[in-house]
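First the structure, in the form of structure tokens, and then the observations on it.
The values are calculated or read from the model by the stated rules, or taken from the named source; none is laboratory data. Since we're looking at a predicted model, the values are computed, not measured. Counting neighbours? That spans all protein chains shown, and the Cβs are built from the backbone with ideal geometry, glycine included.
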Amino acid sequence: MIHVDRYERTWFVIVGMLMGSFVAALVATSLIYGIHVPSPAGRIDPTQLDNTEFATPGLTQDGEKAYTLRVVAHMWKFDFGVKGSMPNITIPAGSKVKILATAKDVTHGFYVEQHNVNMMLVPGQVSQVSLTFAKPGVYHIICHEYCGPGHQAMIAVINVQ
Ligand code: CUA
């Protein structure tokens, strides 16, 4: 029988318990709380966006206070189909918005101020999230992924009235 030092045995047990607690935490978050690693909502050819639903990005109304917002991110703008230097949309308070977004050129970020939305927009993938704008206000969408010399100007606005 191999001799294992008492301290080494103790550390085996501690490490084993630690690993066991990590696995238990993973299983619990997945099965009990339903938390999963985000996966793309679809695949898309970034060179052929003009032949897809992203050919005309922007806001469409699906029902009372229900909208879909299609966004194409590219250097260095979030394209909402709105002209002007600052892309913006206006919706009533309490609106539920399904956001479908993709990137045309490089990886961009999609962060919605004061909401639990933080997505990566990757060329070739469609990212999707649904969120409710409960309170009136001006909420910025910010690119949080360094995407080139115009990165810091990549901002859009959602006006909730
Ligand atoms: Cu787009 Cu940073």
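You will find that of Tyr67, Tyr111, the residue that is touching a Ser or Thr at 6+ places or on another chain (Cβ under 9 Å) and in contact (Cβ under 8 Å) with a residue 24 or more places away in the chain is Tyr67 and no other. Among residues belonging to the range 131-143 that are surrounded by 15 or more Cβ atoms within 10 Å (Cβ to Cβ) and within 16 Å of the ligand (Cβ to nearest atom), point out the one that is farthest from Asn88 (Cα to Cα). The qualifying residue farthest from Asn88 (Cα to Cα) is Cys143.
Any residue at all in the range 46-55 that is in a loop (DSSP other than H, G, I, E, B), over 21 Å from Thr132 (Cα atoms) and without any contact (Cβ under 8 Å) to a residue 24 or more places away in the chain? Before you say what the answer is, go through the steps one by one.
Narrowing the range 46-55 to residues in a loop (DSSP other than H, G, I, E, B): 52.
Those left that are additionally over 21 Å from Thr132 (Cα atoms): 52.
Pick out the ones that are also without any contact (Cβ under 8 Å) to a residue 24 or more places away in the chain and you get 52.
Yes: one or more hits.
Cβ separations smaller than 9 Å between residues 6+ apart or across chains give the following pairs from the range 138-161 residues that are in contact (Cβ under 8 Å) with a residue 40 or more places away in the chain and part of a helix (DSSP H, G or I) to residues that are within 8 Å of the ligand (Cβ to nearest atom) and charged (D, E, K, R): His151/Glu145. One residue stands out in the range 84-130 among those that are within 16 Å of the ligand (Cβ to nearest atom), within 14 Å of the chain's Cα centre (by Cα) and outside any strand (DSSP E or B): the one that is surrounded by the most Cβ atoms within 10 Å (Cβ to Cβ), namely Val122. Does Phe78 satisfy being of a type in the set (Phe, Trp, Tyr) and touching a Pro at 6+ places or on another chain (Cβ under 8 Å)? So Phe78 passes the test. At pLDDT 90 or above and over 28 Å from Leu131 (Cβ atoms): is that true of Ile89 in this structure? Answer is no for this residue.
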